[in-house]
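Bear in mind that the values in this text are calculations on the coordinates, not laboratory data. Keep in mind it's a predicted model, so treat the numbers as computed, not measured. Here the Cβ is made from the backbone with ideal geometry for all residues, glycine too, and neighbour counts use every protein chain on show.
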Amino acid sequence: MTYDPATLGQFTITATDGAARRGSLVTAHGVVQTPIFMPVGTQGSVKALAPDDLDAAGAQIILGNTYHLYLRPGDDLLARKGGLHRFASWNKPILTDSGGFQVFSLKDIRKLSEDGVEFRSHHDGSKHFFSPEKVMSIQNNIGSDIMMVLDECVAYGADYDYTAKSLELTTRWARRCRQAHPRHKNGQLLFGINQGGFFKDLRERSLAQLAEIDFDGFAIGGLSVGESIPEMYDMLHHIAPLMPRDTPRYLMGVGTPLDILEGISAGVDMFDCVLPTRNARNGTLYTSQGKVNIRRAEYREDDSPLDPLCPCYACRTFSKAYLRHLYVAQELLSYRLNSLHNITFFLTLARQAREAIEQGRFAALKAHYQDVFAPAKD
Ligand SMILES: Nc1ccc2nc(N)nc(O)c2c1
Ligand SMILES: [Zn+2]
């Protein structure tokens, strides 16, 4: 990994269109063009796809997860293997989520304290403890280019008092993460995570506290946790414009194609979501004409490609009839081809957004896809 310490972490905005930003972020494993969609590879693999598939699809950066990789194969093993990049033969940027969200979604098998969170492995029930320092050490062993702080993602519906107390803890943990991992040590960037639930004053308080800490970027956490779309968009449009302008803004766990375009219109630069690969496995495919449920009988004899505008191997090589057959027959190839297509679609959407912002026509792109994915057509 060779990078120039002088430019590491540099985020440059090259064009804007309304609040939408076209930019680039320098990481130790390459420059990331934003807005960007990041395929999720929780356990060190974007399910059913190999690095050459991801390269072909135009992936610039993928996600890994601290909680999962710590439990299996173990961050100590990853350190011995030279880090996740070498272990998984992925030589482009990797962002790792801190595990906070995953632990808090384990509900009853975790205990929260000032020092961190105790939890039981979902594999074998063994007891573990994540402190801010521990998750920094794990992400250091993984060798991710962008690390996330340990945070508490409060459940949807949490009351004001609990949310206010929780964001203070998340800020104290964020400070401890920063102290535990000096700026750009090992070529790694560190992002803070905004919390505060669905209370605008708490969101602003969390942001003001985090903005005083020296982070390379800021994420919006605590959204896409079960709230309605209008609630998510309302908070998104409130907090995104208040986030520091000259560092990347990352909306965690979002979302559908329309959510991503909404986020970009609010000024968000980075997105990740399991939707493309998860929905690929249940036959829900995203195309330039809208969503296609490939298992529908109407495709049984359909010789046309899944998406005539898509450059992916699945669309260039096979018919809908064959893709439907693979799905119905539960052939493993169905996972690979459907995942390859959906990931290509999400990455293409991000590329189209970058081009539209450069050309001042982002609003038109967003309106086009709002029509394509209008609920009536589902
Ligand atoms: N919707 C999400 C997804 C991932 C998250 N990761 C962290 N660390 N924190 C959150 O609040 C998240 C929310
Ligand atoms: Zn395709």
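List of remarks:
- For the chain, the longest principal axis of the alpha carbon atoms and the long axis of helix 132-142 meet at an angle near 50°.
- Sorted by Cβ density within 10 Å, fewest first, the residues Cys312, Cys177: Cys312, Cys177
- Note that the stretch 115-120 has calculated 3J(HN,Hα) couplings of 7, x, 9, 8, 8, 10 Hz, one per residue in order, obtained from phi through the Karplus relation 6.51 cos²θ - 1.76 cosθ + 1.60 (θ = phi - 60°); glycine and proline are x.
- Each of Val26, Val149, Val154 was scored by other Cβ atoms within 10 Å of its Cβ. Listed from fewest to most, they are Val26, Val154, Val149.
- Packing-based ranking, highest mean first, of 137-146, 349-358 given that Cβ atoms within 10 Å are counted: 137-146, 349-358
- Ordering of 54-63, 218-227 by burial proxy (mean other Cβ atoms within 10 Å per residue, highest first): 218-227, 54-63
- Phi-based couplings in Hz for the stretch 296-302 (Karplus 6.51, -1.76, 1.60; Gly and Pro marked x): 5, 4, 4, 9, 4, 10, 7
- At full extension, Lys81 and Gln359 could sit 95.7 nm farther apart than now, given 0.36 nm per residue minus the alpha carbon distance.
- Lysine pair number, Cα distance threshold 20 Å (strictly under), the chain, separation 8 or more or different chains: 17
- Under-5 Å amide H pairs with Thr287, H placed in peptide plane, nonlocal only: Val292
- No disulfide-compatible partner, judged by a Cβ distance under 4.7 Å, exists for the following cysteines of the chain: Cys153, Cys177, Cys273, Cys312.
- Cβ-based exposure ranking for Thr277, Thr14, Thr7, in which fewest neighbours within 10 Å come first: Thr7, Thr14, Thr277
- With the charge dipole of the stretch 66-140 set up from +1 on Lys and Arg Cβ and -1 on Asp and Glu Cβ about the Cα centre, the Cα lying farthest toward the positive end among the listed residues Ser131, Gly83, Ser98 is that of Gly83.
- Debye log10 I(q)/I(0) at q = 0.09, 0.12, 0.14 Å⁻¹ for the chain, Cα point scatterers: -0.50, -0.92, -1.24
- Debye log10 I(q)/I(0) at q = 0.12, 0.13, 0.23, 0.27 Å⁻¹ for the stretch 1-57, Cα point scatterers: -0.41, -0.48, -0.99, -1.05
- Couplings 3J(HN,Hα) of the stretch 307-316, computed from phi: 9, x, 8, 8, x, 6, 4, 5, 6, 7 Hz, in residue order, whole Hz [Karplus 6.51 cos²θ - 1.76 cosθ + 1.60, θ = phi - 60°; x for Gly and Pro].
- Dipole magnitude for the chain: about 660 debye, using +1 per Lys or Arg Cβ and -1 per Asp or Glu Cβ, origin at the Cα centre.
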